[in-house]
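Each value in this text was obtained by applying a stated rule to the coordinates, not by laboratory testing. It should be emphasised that the depicted structure is a prediction, and the values quoted were computed from it without experimental measurement. Note: ideal-geometry Cβ built from the backbone for every residue, glycine included; neighbour counts use all protein chains shown.
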Amino acid sequence: MKNRLAIAAAVTITLFGAAWPITVAASLITDPGAGSRTASSSLTTNLAAATQINPKGSWPVYHRDNGHTGFDPAQPAVCCVKAGWTSAALDDRIFASPLIFGGIVYVATLNNTVYALNQIDGSLIWSNHLRAPETGGWTCGFQASPQGILGTGVIDPQTNRIFVTTLDTNDDHYRLEGLNLDTGVEEVNTDISAYTAGIGFTFDWKIQQQRGALAVANGYVYVPFGGRAGDCGNYHGWVYAVPINGSPITHFPYVTSGSGSGFWAAGGVVVDDSTGKLFMSSGNAMPPGSGCAANGDGTPVFENNAVIRLSATLAREDAFVPADWQGNWCNNDADLGSTSSVLISPNLMFQSGKWGTGFLLNPKNLGGMGKQLYPAPLPAAYSEVNTCLGSHGGATFGSYAYAAPFVYLECEGRGIVALRVDSTAPSFSPCDNPCLAPDWRAGAGITFGPPIVAGGLVWAATSGGGLYAYDAATGAQMFHSATFGIDRFVTPAEAGGQVFVAASGPNVIRTFVMGFRTAQSAIAPAVPARQPVLQAPPPVVPTRAPVSQSTPAPPPYGR
């Protein structure tokens, strides 16, 4: 167990709005994995918050639940939307999704700072700058500086903590850090980079990156790693199981065997709550061509472009790879693992990727190469099913949302696509060019971040274009905010009828408030086609032409 020692610290009082936050050194932690060291953090607590905290909904993990459906079923049909509060400027860029629990919005920045904001008005409750982030030295990819918390953290109600992964410039180590939800005090500090002995691979922060969302299950926080944009060096896909109670890591991380095959999608770790099993989506082996070697039975030597099932303790149990993994996916650097999976049910999972074709899988029996449920599995002749209007090579990134009967995904430069899923058959309607009913497509020409669903609307943000909302049943545009920017792969969060978006330039959290036609506590009914949502003020949102990006989308960060 980690020993937290009380320390004396100088106290500085600074004015924040109408309140008086107190800034202290938060804790001294003995880390059994890397020897004793001081965890230098600066904790600011607002002791005179003007607004009472009022819990209203929750979004404790990337895309709301461990299956990453991105769907809040508690909200009824929306009648109107208006802009809510915008936070004060935070200390750096925000790539991680906001998380909401107990009336507090938790936000993590590239400066290794975690903020707790009041859900009602965005006022500061506490913030903790955990450590100095990296400012240079990486081999390739993601040139933003500093580099601190990049991947989305996770809230664990059982321990009353939020967990994030930091990168420290002083020793170049990644750490899992657990903060008390109420006070921001650091209670867990595990040096992940120290636990690599005996596995036959070297962890090198200069070529490895922690972008994927964390997950909590089975008494562990699961932390994925991939490579960096540019695919530099002999990187691998890694997953760590870190005890939530702060005790040392006891299980070897799972590491992909060949160069590449990283776990870099922003959606990160997917967990089936009914079994406790983990699902990871891997990218390409490297380099394409020689790295795409096949075994005698045609399966990949290095398990690239795979959906992999792991046990709670990271034992490999099963995997799926497309029948065309070598020719279409690997040789073209078209990662299946550009996105994480979405669990439709304990018996059904959806996966697509950069090649732009999709699969329905059985999570309990991934089955190996070409053994998907849909399209027809081997030994039938493989016939690919398009998901992004026939786009191949850079079709979709991040993650998806699912609200029956549709899977919703972003398609690069082609807007949002809804694929109608028949979970009984099982099958889904392909989105070819054109994308025909019962599917729909909206926002042509726009590159969005991953979408979510709440209040009968599909919400997604775009760089320079602000937040859009589309009718979940028809794709009709129902709302468009004033323009603002987001960083790559940013996805909204929602709780209690509020939508939260991490915006850039300035680095703030922007909120949007839904109005409802029925009592908010009701379960959302089937969504009929309806007129565009009203924005107040003004009372009516005018029809808008699709908004094109003012600048080209940046290249994907990480592999």
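Brief remarks follow.
- Modelled this way, with points 7 Å down the Cα-to-C-beta line, the labels at A294 and A381 are 1.7 nm from one another.
- Two-site FRET efficiency, C140 against C79, from Cβ-Cβ distance with R₀ of 60 Å, rounded to 0.05: 0.80
- Two-decimal log10 I(q)/I(0) for segment 3-535, as the Debye equation yields it once each C-alpha is a single scatterer, q = 0.05, 0.09 Å⁻¹: -0.18, -0.60
- Over the C-alpha trace of segment 138-230, radius of gyration and Dmax come out as 13.7, 41 angstrom.
- Amide H contacts of V342 (H built 1.01 Å from N, in plane; Pro and chain starts excluded): F350 sit under 5 Å, all sequence-distant by 5 or more or on other chains.
- Derived scalar couplings ³J(HN,Hα) [segment 357-365; Karplus, 6.51 cos²θ - 1.76 cosθ + 1.60; whole Hz; x for Gly, Pro]: 10, x, 9, 9, 10, 9, x, 7, 8
- Label point 7 Å beyond Cα of T313 along Cβ direction - residues of segment 249-281 with amide nitrogen under 13 Å: 250-253
- The relative contact order of segment 176-262, computed from alpha carbon pairs under 8 Å that lie at least 6 residues apart in sequence, is 24 percent.
- Figure legend: label point modelled 7 angstrom from the Cα of N170 along Cα→Cβ; residues of segment 104-137 with amide N under 14 Å from it are 129-134.
- In order through segment 166-183: 3J(HN,Hα) via Karplus (6.51 cos²θ - 1.76 cosθ + 1.60), integer Hz, x for Gly, Pro: 9, 10, 9, 5, 6, 9, 6, 9, 8, 9, 8, 10, x, 10, 4, 4, 7, 10
- A132 paired with T424, simple spin-label distance in nm, labels 7 Å along Cα-to-beta-carbon: 6.3
- Between N218 and T483, the simple label model (points 7 Å from Cα in the Cβ direction) yields a spacing of 4.7 nm.
- With θ taken as phi - 60° and the Karplus curve 6.51 cos²θ - 1.76 cosθ + 1.60 applied, the whole-hertz 3J(HN,Hα) list for segment 207-214 is 10, 10, 9, 9, 10, x, 5, 7 Hz, x standing for glycine and proline.
- Under 5 Å from the amide H of V81 lie the amide H atoms of G515, L534, Q535, A536, each residue being 5 or more positions distant or on a separate chain, with H modelled from the backbone and absent for Pro and chain starts.
- For segment 207-354: rounded, prolate or oblate by the Cα gyration tensor [a/c cutoff 1.5]: prolate
- Nonlocal amide H pairs with E187, under 5 Å, H built at 1.01 Å: G178, L179, N180
- Calculated FRET value between L47 and A437, using beta carbons and R₀ = 51 Å, to 0.05: 0.35
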